[in-house]
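Chemist: Quick one: the structure is below, questions incoming.
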Amino acid sequence: MQLDQISVNTIRFLSVDAVQKAESGHPGLPLGAAPMAYVLWTRFLQHNPSNPRWFNRDRFVLSAGHGSMLLYSLLHLTGYDLPMEEIKQFRQWGSRTPGHPERGVTPGVDVATGPLGQGFGNGIGMAIAEGYLAARYNRPEFEIINHFTYALVSDGDLMEGVAAEAASLAGHLKLGKLIYLYDDNHITLSSATPVTFTEDQAQRFGAYGWHTQSIEDGNDLEAIERAIHAAQQETERPSLILVRTHIGYGSPNKQDTSAAHGSPLGPEEVKLTKQNLGWPVEPLFFVPEEVKLHFHKALDQGKHLEDEWNSKFEAYTKEYPESAAELNRLMTGQFPHNLEKDIPPFPTDDKGIATRVASGKVMQYFSPLLPGFIGGSADLNTSTHTELKDQGNFENPATAIGDLQGSAKGVWSYAGRNLQFGVREHGMAAISNGLAAHGGIIPFCSTFLTFSDYM
């Protein structure tokens with residue numbers, strides 16, 4: 001068996017063994033989606049396991065958060081601070097491997113996912129953050145901010161309304177550094193997708209303005225590699241790669257069934273699945289030495305990538321000291337020392353002032369002091385007083401055509417700080433969370449209180 005295939009099976013069976021030991025979890029997704037995750041994490045993803053918060057790393061979102069053991073297996077194997085003891089404590093109280101990924105609990109997890117569709121929107125927020133920071137701070141000879149946002153999404157993610165809202169906006173914004181892998185396995189927790197979900201996903205996303213590709217065999221590593229490479233070359237559209245997989249792949253009795261989705265395979269079926277795929281039944285949690293060495297290349301590669309970036313940022317600092325100082329404050333979450341000095345006062349009077357008017361005045365004061373302060377409303381900025389005056393619109397320059405009434409004064413580019421979310425409250429909230437999770441951004445969003453139930 002070739003090293004690539006042994007590595008894929010290592011991911012599969014670390015996940016299966018952890019779910020079985022916990023007697024709870026979702027083994028089907030890791031069994032089916034391990035090949036695409038393997039290709040992404042070993043051939044494309046730029047990250048540093050020794051420093052999970054390196055600012056210019058690629059972002060990865062497991063929007064299908066129920067398949068969390070897939071992500072934990074990858075984090076463990078590539079050298080993040082997630083030892084085997086934590087893998088064996090999957091879904092146990094106090095462990096760093098909860099049933100669904102949680103930001104701040106597990107090194108390498110950027111956003112909490114589980115409610116389907118939310119991670120889909122979070123990733124779009126991350127891509128917007130990358131686009132804004134790159135437009136504001138990069139110079140022709142210094143691409144300081146330059147990374148991709150990837151996500152693994154499921155049938156359930158694409159069914160959720162929040163994903164439709166966010167996908168529509170991403171297509172409009174032409175976010176070319178956003179690449180989603182769709183685990184197209186045709187099975188949900190309680191049924192097959194022909195029962196509920198029959199639209200043509202490639203045509204649907206093409207209509208949103210996305211670049212789409214389809215892979216018929218989810219185990220074809222080279223086809224997956226070619227598709228991700230092609231998606232990286234598509235700079236004017238976000239990409240959806242539809243990968244036809246089989247949930248519970250290799251399980252003689254549960255592959256392609258809902259039984260593989262949300263329950264352990266069972267001891268006997270685990271044994272049969274390992275035998276079917278040529279994997280040792282014992283020991284449990286087996287990681288071959290050659291696989292360990294192969295995945296641990298990410299440690300040296302990640303250190304090299306970050307060292308290169310640090311050297312570039314040092315040269316950038318010498319050439320553009322003011323921009324570098326401002327960017328460094330954003331990356332480290334620092335506020336200007338004089339931030340509260342001249343906040344506008346609101347004296348008591350008989351008439352009073354509407355809170356939305358007062359907050360709007362404070363936002364205008366903050367705006368020039370906080371270059372990472374960006375956001376917008378769900379088509380209500382004139383009512384909620386949330387337009388940042390003269391700060392432009394976050395838009396792709398190619399779309400500055402037709403009737404642009406309602407747009408803010410200033411630039412029409414990715415350097416703009418007003419996000420026109422349109423009537424997309426669900427998407428707005430998920431995207432704003434992604435903006436915050438990316439780092440360097442203080443997002444805001446706004447709607448009427450009665451619509452807050454949508455968020």
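The values are calculated or read from the model by the stated rules, or taken from the named source; none is laboratory data. A quick note: this is a predicted structure, and the numbers were derived from the prediction, not measured. Positions of Cβ are backbone-derived with ideal geometry, glycine not excepted, and every protein chain shown enters the neighbour counts.
Chemist: Given the conditions (1) of a type in the set (S, T, N, Q); (2) buried (at least 21 other Cβ atoms within 10 Å of the Cβ); (3) assigned to a loop (DSSP other than H, G, I, E, B), which single one is not true for S432?
Modeler: Result: S432 passes all but (3).
Chemist: Further, regarding this structure: Do any helices (runs of 4 or more DSSP H) entirely within segment 283-337 hold 3 or more residues that are under 30 Å from V8 (Cα atoms), and if so, which?
Modeler: Hits in segment 283-337: 289-295, 297-319.
Chemist: Being touching a Phe, Trp or Tyr at 6+ places or on another chain (Cβ under 7 Å) and surrounded by 16 or more Cβ atoms within 10 Å (Cβ to Cβ): is that true of Y320 here?
Modeler: For Y320, the condition - touching a Phe, Trp or Tyr at 6+ places or on another chain (Cβ under 7 Å) and surrounded by 16 or more Cβ atoms within 10 Å (Cβ to Cβ) - is not met.
Chemist: Still on this structure, please answer the following. Condition first: surrounded by fewer than 16 Cβ atoms within 10 Å (Cβ to Cβ) and either touching a Cys at 6+ places or on another chain (Cβ under 9 Å) or without any contact (Cβ under 8 Å) to a residue 12 or more places away in the chain (or both). Can you find one or more residues in segment 411-427 that meet it?
Modeler: Among the residues of segment 411-427, not one is surrounded by fewer than 16 Cβ atoms within 10 Å (Cβ to Cβ) and either touching a Cys at 6+ places or on another chain (Cβ under 9 Å) or without any contact (Cβ under 8 Å) to a residue 12 or more places away in the chain (or both), which makes the answer no.
Chemist: Another question, if that's okay. Is at least one residue of segment 247-261 hydroxyl-bearing (S, T, Y), closer than 20 Å to P35 by Cβ and more than 28 Å from the chain's Cα centre (by Cα)?
Modeler: Yes, segment 247-261 contains at least one residue that is hydroxyl-bearing (S, T, Y), closer than 20 Å to P35 by Cβ and more than 28 Å from the chain's Cα centre (by Cα).
Chemist: Within the set of pairs 6 or more residues apart or between chains, which connect a residue that is on the phi > 0 side of the Ramachandran plot inside segment 73-87 to a residue that is at pLDDT 95 or above with Cβ atoms less than 7 Å apart?
Modeler: Going by the 7 Å Cβ cut-off, the qualifying pairs are G79/P49; G79/H296; G79/A298; G79/L299.
Chemist: Go over the candidates L116, L75 one by one and state the one that is under 30 Å from E314 (Cβ atoms) and within 19 Å of the chain's Cα centre (by Cα).
Modeler: The match here is L75.
Chemist: Sort out which residues of segment 187-227 are surrounded by 15 or more Cβ atoms within 10 Å (Cβ to Cβ) and part of a loop (DSSP other than H, G, I, E, B), and write them in order of number.
Modeler: Passing the criteria: T188, F197, G209, W210, G218, N219, D220.
Chemist: Only one of G302, G278, G262 is touching a residue at least 40 places away in the same chain (Cβ under 8 Å) and crowded, with 18+ Cβ neighbours inside 10 Å; which?
Modeler: The conditions single out G302.
Chemist: Listed residues R96, R136, R91; which is surrounded by 18 or more Cβ atoms within 10 Å (Cβ to Cβ), without any contact (Cβ under 8 Å) to a residue 40 or more places away in the chain and more than 26 Å from V243 (Cβ to Cβ)?
Modeler: The conditions single out R96.
Chemist: Within segment 143-174, can you find the residues that are surrounded by fewer than 18 Cβ atoms within 10 Å (Cβ to Cβ) and either in contact with a strand residue (DSSP E or B) (Cβ under 8 Å, 6 or more places away or on another chain) or outside any helix (DSSP H, G or I) (or both)?
Modeler: Selection gives E143, N146.
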